[in-house]
Structure formats: structure tokens, C-alpha cells
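The values are calculated or read from the model by the stated rules, or taken from the named source; none is laboratory data. Because the structure is a prediction, the values reported are computed rather than measured. No Cβ is skipped: glycine too gets one built from the backbone with ideal geometry, and neighbour counts run over all protein chains shown. Keep in mind that these areas ignore ligands, DNA and RNA; they rest on the heavy atoms of the full protein, side chains included. Shrake-Rupley method; radii C 1.70, N 1.55, O 1.52, S 1.80 Å.
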Amino acid sequence: RMTEISRISLENEMDIVVAHKHMESVAQYFSLLPSTQVTIATAVAEVSRVVIDRTDNGWLSIGMERTAAGKFSLMGRVSFPPGIDIRVTHQGLKYARLLVPEFRVEKGTEMSSISVSIGVPRSLKITQARVREAVDFFHTAQPVTPYERLKLHQPFFRRKALEREAELDRKSTRLNSSHITIS
């Protein structure tokens, strides 16, 4: 079972950069080698690109999974609605599959997902406590791109726009009801 450290909605091409940067940041947090950071981040970005090309209703979960043997793996799971036609023969998925040792496709009735993961060397001495620290750290971390900063505030801006629209409707209604026609 994966402990989720970070989650990103995948809606458009800008989210591919955010996905890459988030995965790279999590890999860096756990002191993985720079080449490993780039490799797993690139695999996640490729899977994200394939999903974004087909739907604006996906998301990426980044986390750590602990095996029965007690070893940890860094994982990126891209989830999407089950009706989306994504085939493992897609060039982006083939490339991602070459980059990482673990690649899984799960088709479900409520949600489907593609997971990529890479084992973390035991020498890094990852513990469940360290994973919980990462969860806390990344839930309070600043956005990694200006686009992500805007995206995080989007619900606020959407609410403000709706409030403004309602206010304009009220003014328009009052103006129309007080309008006198002279003939």
C-alpha cells in the first residue's frame, strides 16, 4: 500500500511540468541519486502526458510503498476514468516502461491507473517515520511553478468570479426593474 506524499490534478500540458518537478522533488527529498531523480520524474511525466492527451480528469499520486520484505519503492500513480482508451503500446508508455523497473497498468470499474516505481536502496535507511515527515513537508511546501501557484488559487478565483457575476446580475435586475419607458 502506497503512502501518498503529493497529489497533482492532471488537466492540461502545463501539469506535465508540475508532475515532473514534484516527482523530482520527492526523489531528491529521499536523497536518491540525481540520475534516479530524473529517470523516475521523466517516466511519471511521460505517463502523465499520455493521460492528459486523452482526458482532463486525471491525477498523479506520488508516494512511498513498502514491500512485505520491508523495502521501500518510490512510486508515481497516474489515475484516470476507466472509459479512457490508453494502450500500453503507446510510444510514451513504452518509453516510461524502459525507464523504470516497475510498471503496472490497472483497469478498474471506477478508476484505472498506471504506476511506475523504483526501489530505494536500503543504504538510504528509509523508515515509515521519514515517509510521514515527507508527507508533512510536501503538504506545506510552496508550489513548484508559477502555474501551480495559480492553479492552487483557482478555486478562490472561481468563487470570486461567481460572486462578482451574481452581483452584476443583481445590479442588472435592479436597473431593469427601475427602467421607465417613455413613449
Leading residue by the ranking (nearest to the chain's Cα centre (by Cα)) among those in the stretch 8-20 that are over 16 Å from Val116 (Cβ atoms) and open to solvent by 10 Å² or more (accessible area, probe 1.4 Å): Ser9
So, of the residues in the stretch 21-60 that are closer than 16 Å to Pro81 by Cα and more than 13 Å from the chain's Cα centre (by Cα), which turns out to be least open to solvent (accessible area, probe 1.4 Å)? Val50
Checked pairs for the stretch 40-57, first basic (Lys, Arg), second open to solvent by 40 Å² or more (accessible area, probe 1.4 Å), C-beta under 8 Å and 6 or more apart or across chains, list as Arg49/Glu13; Arg54/Asp85
Spans of helices (runs of 4 or more DSSP H) in the stretch 84-180 with at least 1 residues modelled with pLDDT of 95 or more and surrounded by fewer than 10 Cβ atoms within 10 Å (Cβ to Cβ): 128-140
Return yes when Arg54 is touching a strand residue (DSSP E or B) at 6+ places or on another chain (Cβ under 9 Å), among the basic types (Lys, Arg) and assigned to a loop (DSSP other than H, G, I, E, B) and no when it is not. yes
Could you tell me whether Glu4 is open to solvent by 10 Å² or more (accessible area, probe 1.4 Å) and within 18 Å of the chain's Cα centre (by Cα)? yes
Can you tell me which residue within the stretch 61-71, out of those that are in a strand (DSSP E or B) and open to solvent by 10 Å² or more (accessible area, probe 1.4 Å), is farthest from Arg7 (Cα to Cα)? Arg66
